[in-house]
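Have a look at the structure below before the remarks.
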Amino acid sequence: MSSATSEPLSIIIQPKITTAKKHPHLQKSNLCLLHLCNHLREAQQIHALMIKSSQITDPYSAGRMSEFYALSTSGSLHDAEKVLESLRQPPIFIYNIIMRGHLINRTPLNSLKLYHQSLVNSIYPDHFTFTFVLKACTHLRELGIGRQLHSHVVKLGFGSSAHIRNKLIHMYAVVGRMEDAHKVFEKSSVQDAVAWNSMLEGYAFNGDGGSLHQFFHRMKQRDVVSWNTVIAFFVETGKYEEAMAVFRSMQESRECFPNRITVVSILSAVTHLGALGHGKWLHAYIARRGIELDENLSSALINMYSKCGFIEGAVHVFEAKQWKKVDNWNAMIAGFTSNGHSLKAIKLFSEMLAARMNPNEISFACVLNACSHGGLVEEGKEYFRKMTSSYGLKPDMGHYGCLVDLFSRAGLFDEAEKMIEGMPMKPDAVMWKALMGACRIYRNFELGEKAGYRLIEAAPEDHACYVLLSNIYAMNHDWHGVHTVRKMMLDRGVRKVPGCSSIELDGVSHEFIAGNASHGSKRELYEMLEEMKESLRVAGYEPDTTQVLLDIEEEELKESSLSQHSEKLAIAFGLVSTSPGTTLRVVKNLRVCGDCHSAIKLLSKIYGRDIIVRDSSRFHCFSRGFCSCGDYW
Ligand code: ZN
Ligand code: ZN
């Protein structure tokens with residue numbers, strides 16, 4: 001390491017006759033001018049003046065200059081480093097400014113390089129320096145350098161700083177070293193809320209639910225950040241029921257009030273569960289607590305209502321929103337589409353344009369989706385063209401997918417294939433699934449088979465892909481094909497995910513697994529299932545057994561397994577547990593099968609109920625013997 005007197009790398013401004021130093025008001029006026037700068041060119045001119053007058057050797061002026069270069073939007077980190085190089089003994093705060101600039105500019109490695117350079121020049125780091133370099137290390141996930149920095153922190157006496165300690169915990173957590181994070185945590189004399197929360201976030205980040213849970217219960221002082229971390233963890237890992245439970249205990253504990261972040265997380269859980277009752281309660285809660293409905297939250301509400309099949313609620317939120325932003329429009333257009341109101345979705349898109357709102361990529365995905373659901377081929381083609389020609393937006397996989405969907409739903413298989421051949425990216429599973437869905441409807445076995453194999457190629461782990469291909473073979477009575485697919489699945493060890501549906505009654509969600517009618521009210525459930533079967537038979541309904549994988553051979557068995565699909569169990573339970581006329585809302589983890597779809601259509605007519613089923617791909621609003629999806633899903 002060189003001494004402090006060693007020559008810096010670049011030009012040194014020799015202190016000579018200095019007009020500015022003689023005239024402090026000139027120094028001041030240069031800094032005032034800098035304050036007014038908006039462009040890099042202007043700043044560079046002031047920089048030149050400062051060099052000419054040697055003002056740049058003044059640490060304060062050099063600091064201000066590098067601050068402009070490193071932190072303002074019209075800056076240049078290259079110029080900031082020039083300022084640094086021009087100083088014989090640059091103070092640490094200038095290093096810090098530029099390190100921070102590199103973090104903002106997402107070039108964290110350069111922050112670390114600067115730190116190294118400061119050490120070479122024997123400039124001692126301060127509190128801020130460690131904040132920045134530890135952050136850089138966290139971004140880079142550099143455990144080795146992180147450990148070295150940790151030892152510098154201890155050696156230079158910064159180990160007791162709560163702020164630096166929390167940065168260390170965060171760094172260790174992000175690189176997956178929770179034991180080390182825990183050591184730092186345990187060793188610190190004062191464990192503040194931030195330290196506890198950093199540990200909690202670390203466990204959540206590393207997906208360690210067990211330790212997260214334990215640690216959370218050990219916490220003496222839990223604030224809204226702690227609760228939010230646990231709720232977000234459950235939502236992100238798909239454990240929505242657990243997230244709701246934590247939210248309930250948060251309210252019961254009275255430790256703190258839920259804030260906007262809590263509400264957005266819980267809304268997402270409610271949306272996934274399709275739990276409209278909870279959603280409505282949450283909406284009222286937001287109003288009562290005076291939480292501002294910004295673009296994000298209002299869009300989340302619109303999304304929740306439409307995904308729970310309550311489109312009136314979504315429209316209400318949308319219309320009440322005063323200054324509608326693009327996300328609000330997108331959420332409402334998507335909501336109309338997913339509830340089977342394609343024409344309303346397209347009309348809303350035109351209103352959006354008329355309101356001089358600039359549509360983005362998502363807006364076009366929404367409107368193209370509406371076109372494909374509504375079978376509006378010409379409109380869809382026109383929007384797709386306009387997207388690039390009028391708005392300069394580049395279509396991505398989703399947009400191409402919508403168009404392929406649009407063509408195949410309309411039975412225009414040549415155009416769909418041409419689209420797939422001509423697109424700049426490799427088609428994904430969603431696209432093949434869309435094509436296969438249409439092949440099933442149009443009984444296009446040849447293309448269905450071809451698409452089926454491409455689909456399995458694109459998502460070899462997904463059980464549903466094999467089922468789709470097997471169904472195509474089964475419809476064509478090609479049992480050899482069915483067996484081939486089944487064998488392929490077994491050979492590859494692809495596991496069948498059990499169908500699972502839930503229905504919410506009076507705020508309690510009841511779950512049903514396919515083929516398993518074990519529930520509290522078991523006898524009534526069986527009786528209802530029998531009654532449903534009988535009334536379906538009377539209505540002239542015949543079970544479509546072609547869509548059952550050949551793991552069950554005999555027709556009778558196939559039929560009984562069909563009548564125990566999870567959505568049917570949930571509906572049976574809903575029918576016995578609610579008063580006549582009540583809408584039933586069911587959420588299913590897989591796609592609803594063809595047989596259940598036709599059965600539910602009839603059930604909605606027989607029992608005079610609206611039945612809303614959200615499966616893994618879309619919404620089905622069954623009413624009076626029809627489904628909003630128009631039998632495409
Ligand atoms: Zn089914
Ligand atoms: Zn449907």
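Taken together, the values in this text are just the output of simple stated rules run on the coordinates, not laboratory data. The structure displayed is predicted, hence computed values, not measured ones. A quick note on method: Cβ atoms are made from the backbone with ideal geometry, for glycine too, and the neighbour counts reach across all protein chains shown.
For the chain, the calculated P(r), taken from all Cα-Cα distances in 20 Å bins from zero up to the bin holding the longest distance, is 15, 36, 32, 13, 3, 0 percent.
Ellipticity at 222 nm from helices only: DSSP H runs of n ≥ 4 in the chain, each -39500 (n - 2.57), divided by the residue count, give -20000 deg cm²/dmol. Please find the FRET efficiency linking SER390 to GLU531, where r is the Cβ-Cβ separation and R0 is fixed at 41 Å, and quote it to the nearest 0.05. Efficiency, from the Cβ-Cβ distance: 0.15. Paramagnetic label reach from GLU312 (point 7 Å along Cα→Cβ; backbone nitrogen cut-off under 18 Å): within the stretch 569-584, residues 579-584. Extension gain for the segment ARG248 to HIS127, taken as residue separation times 0.36 nm less the Cα-Cα distance, is 39.5 nm to one decimal. Taking θ as phi - 60° and the Karplus parameters 6.51, -1.76 and 1.60, the scalar couplings of the stretch 247-252 work out to 4, 5, 5, 4, 6, 5 Hz in sequence order, x denoting glycine and proline. Considering only HIS597, MET436, VAL587, the residue lying farthest towards the positive end of the dipole of the chain is VAL587, judged by Cα position with unit charges set on Cβ. Neighbour counts of C-beta atoms inside 10 Å place LEU119, LEU301 in the sequence LEU119, LEU301, starting with the fewest. Distance from the Cα centre of the stretch 132-170 to that of the stretch 197-243, in angstrom? When both Cα centres are located, 24 Å separates them.
Provide the FRET efficiency to the nearest 0.05 for the SER74-LEU156 pair, computing r from the beta carbons and using R0 = 45 Å. In this case the efficiency is close to 0.80. Over the chain, Cα pairs under 8 Å with separation of 6+ residues give a relative contact order of 6 percent.
Can you tell which of THR57, MET99, LEU109 lies farthest toward the positive end of the dipole of the chain, using +1 and -1 charges on the Cβ of basic and acidic side chains (Lys, Arg; Asp, Glu)? Farthest towards the positive pole: THR57.
The simple spin-label model puts a point 7 Å past each Cα toward its Cβ; for GLU295 and GLU542 those points are separated by 5.6 nm. Each Lys and Arg adds +1 at its Cβ and each Asp and Glu adds -1 at its Cβ; summed about the Cα centre, the chain shows a dipole of about 2620 debye. Per residue, the average separation of C-alpha pairs within less than 8 Å and at least 6 apart gives the stretch 45-106 a relative contact order of 33 percent.
In the chain, the longest principal axis of the Cα atoms and the axis of helix 178-187 are about 50 degrees apart. Mean separation of Cα pairs under 8 Å and 6 or more residues apart, divided by the residue count, gives the stretch 405-515 a relative contact order of 16 percent.
Projecting the Cα atoms of ILE266, SER566, LEU168 onto the dipole axis of the chain, where Lys and Arg carry +1 and Asp and Glu carry -1 at the beta carbon, places LEU168 farthest toward the positive end.
Extension gain for the segment LYS239 to LYS52, taken as residue separation times 0.36 nm less the Cα-Cα distance, is 60.8 nm to one decimal.
On the basis of the beta-carbon distance and an R0 of 25 Å, HIS477 and LYS426 show a calculated FRET efficiency of 0.15.
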